[in-house]
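One structure is given below, encoded as structure tokens.
The values are calculated or read from the model by the stated rules, or taken from the named source; none is laboratory data. If you're wondering where the values come from, they're calculated on a predicted model, not measured in any experiment. Cβ placement follows ideal geometry from the backbone for every residue including glycine, while neighbour counts extend to all protein chains displayed. Heads up: the accessible areas ignore ligands, DNA and RNA and are worked out on the full protein's heavy atoms, side chains in. Shrake-Rupley method; radii C 1.70, N 1.55, O 1.52, S 1.80 Å.
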Amino acid sequence: MSAPRGQFSSNIGFLMAAAGSAVGLGNIWGFPTKAAGNGGAAFVVVYLILAFLLAYPALMAELTIGRHARRNMVQALRGIATGPISRFVGTVAGLGGILVASLILSFYAIVAGWMVAYLVEPFASLVGASHITDWLTGDSPARNLTFTAIFSGFTMLIIASGVEKGIERWSTVLMPALIILLLLLIAYVLTQDGAMKGLEVYLMPDFSQFTPELMISAMGQAFFSLSLGVGTMLIYGSYLSQQESLPRLGAMVTLIDVGIAFTAGLLILPAMYVAQEAGTQIFSASGELIAGPGLILQVLPALFDSMGTAGMFVAIAFFALMVIASLTSSISMLEVPVAFSIENLGMKRKPATLLMGLIIFALSNMIIFNVYNSDDPLTMIARVSTEYGQPLLGVVLCVFAGWIWRRDQLLTELQKGHEDIERTLFWKIWPWYVRIVCPLLILAAFAVSQGLVG
Ligand code: PHE
């Protein structure tokens with residue numbers, strides 16, 4: 001017996017939700033700093049190429065499988081499987097996707113919690129509560145626990161409201177707000193001294209940095225940014241109506257994702273050089289541009305402080321932007337285990353959300369209180385999930401779409417909402433591409449990144 005499934009009410013709703021999942025901290029924080037550290041525009045060009053030649057085809061695999069199956073990743077892959085082995089692999093990969101999505105959310109919610117704390121900070125400083133501002137910006141387990149709980153709570157509230165009333169409704173409000181905030185911030189920062197130097201660093205290509213590492217870094221970034229491998233896009237695809245053309249919608253999601261990442265670079269790099277102009281250190285001791293938490297939690301706040309009253313509004317706008325970007329992504333991560341609990345364990349949406357949300361919150365606490373006993377547990381979990389989990393699961397999804405799924409069924413699915421698909425360039429290239437090129441490229445990059453070759 002299957003529970004009634006949610007569905008996006010319009011293609012705009014789907015687009016906002018899928019773009020909301022894609023556009024996150026990876027775009028606004030990860031992409032600009034990776035570009036700055038890897039040859040500026042050279043990285044941007046490689047990223048653009050990989051986003052369309054590798055990530056887009058993989059995204060199409062997830063969307064198509066999802067819409068066909070109208071089920072979560074475990075059920076979807078089992079449904080396509082043709083024998084006991086592929087059914088077993090499908091089950092393992094589906095469960096793996098749920099695990100990796102949950103692990104990603106467990107560290108993502110902590111980072112997003114920092115953003116919420118920094119968003120609250122200007123208000124505390126306005127009322128002169130200096131002990132509170134110190135607590136908000138100090139890296140204590142109590143602060144992290146509190147704000148991870150608040151952020152996770154919001155994520156759970158939205159997911160508990162369902163696909164249309166939760167995910168779609170919030171994404172359609174938050175995504176336009178995100179774009180407006182981003183553009184306002186860019187307009188302001190570009191008028192400040194030092195901004196042009198930042199633009200130059202971002203946009204002048206340095207092709208001497210064109211190395212295998214650059215390719216791998218760009219590929220990892222593209223996979224993370226398009227939320228691939230963990231069944232997020234698959235489940236969003238499963239809520240999509242059959243009247244829409246998948247290749248077109250997938251291309252639009254990719255374009256929005258890449259466009260916002262590129263645009264965020266026009267904010268972050270100039271802001272860093274404005275901060276330098278105002279006397280803040282923006283290079284680490286080893287001479288590299290500060291890219292990690294120090295960038296968002298020290299360099300930029302120092303910049304906002306130096307801007308006086310205007311700086312307070314800029315700080316609020318900036319951290320609101322970060323919180324919005326995080327929230328539309330985190331809901332898509334939580335939907336993965338929740339959809340599984342509803343469809344496979346027969347739970348209702350609200351208890352499923354509560355259960356999965358609390359389990360993931362417990363995982364966040366394992367990082368906050370360092371149960372792993374590692375130097376940097378957050379980075380460790382982030383690396384395991386994004387450098388191993390996402391690419392390897394991505395390969396399985398491509399193999400299912402390209403090798404295991406019957407070609408006529410694949411075509412029938414793509415024809416829905418796009419009748420003449422057979423005559424398009426997409427149909428001439430993509431099935432082969434997702435079959436051969438995608439898995440090989442991902443595996444090759446994975447091998448290089450693990451030092452297995454090269
Ligand atoms: N795409 C999100 C970002 O760029 C992260 C994400 C990864 C979301 C995996 C969902 C699943 O921040």
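Ordered by 1.4 Å accessible area with all protein chains kept, GLU387, GLU288, GLU343 run largest first as GLU288, GLU387, GLU343. In a fully extended conformation the segment linking MET196 and GLN7 would gain 63.5 nm over its present Cα-Cα distance, using 0.36 nm per residue. The alpha carbon gyration tensor of the stretch 24-116 gives principal lengths a ≥ b ≥ c with a/c of 1.5 or higher and a/b no greater than b/c, which makes the shape oblate.
Contact order for the chain, expressed relative to its length and based on alpha carbon pairs under 8 Å spaced 6+ residues apart, stands at 34 percent. Note that the stretch 11-449 presents 39 Å² accessible area per residue, ligands and nucleic acids not counted, probe 1.4 Å. The gain in end-to-end length when the PHE369 to GLU288 segment is fully stretched comes to 26.2 nm, 0.36 nm per residue minus the alpha carbon separation. Here ILE167 sits with roughly 0 square angstrom of accessible surface, probe radius 1.4 Å. Among the lysines of the chain, pairs that are 8 or more positions apart or on different chains and have alpha carbons within less than 22 Å of each other number 4.
Counting 0.36 nm for each residue step from LEU355 to PHE313 and taking away their Cα separation leaves a gain of 11.4 nm. Highest average first, the peptides 252-260, 118-126 ordered by how many other beta carbon atoms sit within 10 Å of their residues are 252-260, 118-126.
Ignoring ligands, DNA and RNA, how do HIS418, HIS131 rank by accessible area with a 1.4 Å probe, largest first?
HIS131, HIS418
A simple spin-label model places pseudo-atoms 7 Å from Cα toward Cβ; at ALA177 and LEU53 they are separated by 3.9 nm.
Ordered by solvent-accessible area of protein heavy atoms (1.4 Å probe), largest first, the residues LEU145, LEU15 come out as LEU145, LEU15.
Per residue of the chain, the DSSP helices (runs of n ≥ 4 H) give a summed -39500 (n - 2.57) that works out to -22500 deg cm²/dmol at 222 nm. Distance between Cα centroids, the stretch 342-418 to the stretch 82-153: provide it in whole Å. That distance is 16 Å.
What residue among ILE98, TYR239, ALA447 has its Cα farthest toward the positive end of the dipole of the chain, where the charges are +1 on Lys, Arg and -1 on Asp, Glu, each on the Cβ? Positive-most Cα among the choices belongs to TYR239. Rounded to the nearest percent, how much of the accessible area of the chain (1.4 Å probe, protein heavy atoms only) is carbon and sulfur? Roughly 66 percent, rounded to a whole number.
Annotation: amide H of LEU289 within the under-5 Å range of SER284, sequence separation 5 or more or interchain, hydrogens built in the peptide plane. The 3J(HN,Hα) values that the Karplus relation (6.51, -1.76, 1.60; θ = phi - 60°) gives for the stretch 307-324 are, in residue order, 8, x, 4, 4, x, 5, 5, 5, 4, 4, 4, 5, 6, 5, 4, 5, 5, 4 Hz. Gly and Pro appear as x.
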